[in-house]
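Computed from the coordinates by the stated procedures, all read-outs in this text should not be read as laboratory data. Since we're looking at a predicted model, the values are computed, not measured. Note: ideal-geometry Cβ built from the backbone for every residue, glycine included; neighbour counts use all protein chains shown.
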Amino acid sequence: MASGKLLRQLIKSGTQGDALGFQSASAAVIKEEREKNHHLLANDLERLLYGGQTATG
């Protein structure tokens, strides 16, 4: 599970309409999950964030 700090940043930026902050926090969550070897979750989150295109390919 992503850290509390990242989740707070994600929710705060989302509710404030801060698209850049939301994307940045989302990318950090994805990176953190990938580092924990949660590749299926990270891939799914990337698909949701980037609309079917992943940042890595």
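Things worth noting here:
- Scalar couplings 3J(HN,Hα) for region 11-24, obtained by applying the Karplus form with A = 6.51, B = -1.76, C = 1.60 to θ = phi - 60°, are 5, 4, 5, x, 6, 8, x, 8, 4, 5, x, 5, 5, 5 Hz; x denotes Gly and Pro.
- Projecting the Cα atoms of HIS39, GLN16, GLY52 onto the charge dipole of the chain (Cβ charges, centred on the Cα centre) puts GLN16 farthest toward the positive pole.
- Among the trypsin sites (Lys or Arg not before Pro) in region 10-47, those located in a DSSP loop and surrounded by at most 15 other Cβ atoms within 10 Å of their own Cβ are LYS36.
- Other-chain or far-sequence residues with amide H under 5 Å of HIS38's (modelled H): none
- Listed values [x] 95; [y] 108; [z] 71, entry calculated as volume of the Cα convex hull per residue in Å³: [z]
- Dipole check for the chain: with +1 at the C-beta of Lys and Arg, -1 at the C-beta of Asp and Glu, and the Cα centre as origin, the magnitude is about 140 Debye.
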